[in-house]
DNA sequence: AAAGCATGATCCATATTGTGGATCGCAGTC
DNA sequence: GACTGCGATCCACAATATGGATCATGCTTT
């Protein structure tokens, strides 16, 4: 019972549903040009016929589509509907949407909205600004363990000290395996810095030259933890601009938290 | 075996997935205060233990959440993630989002974005303006057969004549059963009017006093059919204001279609 | 307060359902 | 023209989901 997810949530009942969900997650994380059957097979560890059967079922349900010529699989329109309805409930994303757009426009760099999901941060939205040098380390749908990346750091830093320690301990194994360039000391330092400054700064730890700046959004209920962040090439996050970006980010976070406090989200 | 979940897509393989999808659709269509197990059972026709087992599996997958005290079920955060990724692929909603907001703000009434899904129009987004008299006939997640409501009419009117006839014929049964107040003649008249005017006007056919105005959005590929629409009380859609609203709607539709033509949606 | 009712959670023997090794089919490539 | 990689599909096997019946719980009734 060290960590769940990635190691499966086996257990209860109907497990084709769990498998289907895993496939959907994988499709969601894939870039725009679709996913091949083989990729699904090797990613999920399921057999080829099983993967295909599940995909067919998902297609019948409208949650997945298959391009008739390339034979690649995509998320389908029904997924769009689901997400839209869910977003309604999780008001955060709906409210954050415009803020992310504004951030991308005003800074010219890439802006993100991520939410916490178990021990991971999932990127729900990416918007690009018009500056031609862009970091493509993070895309919509990507999922990194808490503690990794600007958002992962900001989210950890926003937790009570004990919880933060627990989360990082739980994630240590995954991080060690998937991000060998990260040491626990680097993470702890960055978290400490984020606590002090009020925002996290990732100085190219994940990928050299790709810097990130993140600030957590805390809902009134404690849950609904989200994070706004920016990514840019190193030269665009030097101290003077860092301060400027942090101020913009702080402005959006404030606006968001204020709207979250308004009692009437769902008219 | 008369109907399963609105006619069913029975057939292929792994059918727990189809059932799960039906449950998800139902949850998506439910209002904000969650869904009781009993409602799921009676809606889907599944047995109580089966429904519960599927719900448990969906909970394990993060697609559903259960409120521990009320025992009601909601869409979970993972659904949000999925939808966000799918929306990326279906650029339409992403692009439409702001337009719907603007429409709601500028008109003061309720604005909607709907997409065509098989023979149905699904409401992906609803934004309310600040006018205190509002129509709550249509909510996000709702699904009406094509031919019903302002959007359903606009979408049919946007089809080639033959397809439109085919769709209406296919939907006649459902419409007859679920919307007894609608006659085929009324639908045909409204469609004809929409073809002539370039937008549809629903004069309270679904619900007395609740008027709607819709205009289809056609993507460059023919697919991606969406629809922007407005709903208001009857007094707010009299001829002079109707023209004004139609102009606003047309402006947003034009903007949207133009952005759809830009080749680079996914940077 | 106790009985009654409605709704959710759970058991467990049954058979329906999904499983995956092996096979076939189709492109693109050498 | 044979090869290779990948997707689609068969089919005997057994693991899996199924649902009638039962128990648990919270809320209303008199």
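List of remarks:
- Sorted from greatest to least, the principal axis extents spanned by the alpha carbons of chain B come out as 55, 44, 39 Å.
- The angle separating the long axis of helix A:48-60 from the principal Cα axis of greatest extent in chain A is about 80 degrees.
- Cα gyration tensor shape of the range A:15-81, rounded if a/c is under 1.5, else prolate or oblate by comparing a/b with b/c: rounded
- Percentage, to the nearest whole number, of Cα pairs in the protein assembly as shown over 29 Å apart: 54
- Relative contact order (%) - chain B, alpha-carbon pairs under 8 angstrom, separation at least six: 15
- Cα gyration tensor shape of the range A:138-267, rounded if a/c is under 1.5, else prolate or oblate by comparing a/b with b/c: oblate
- When shorter helices are ignored and each DSSP H run of at least 4 residues is given -39500 (n - 2.57), the per-residue value for chain A at 222 nm works out to -16000 deg cm²/dmol.
- Against the main long axis of the alpha-carbon atoms of chain A, helix A:15-29 sits at an angle near 50°.
- Cα long-axis angle, helix A:239-261 against chain A (0 to 90 degrees, to the nearest 10): 60
Values quoted throughout were computed directly from the atomic coordinates according to the rules given, and no laboratory measurement underlies them. This structure is a prediction, so every number in the text was calculated from the model and none was measured.
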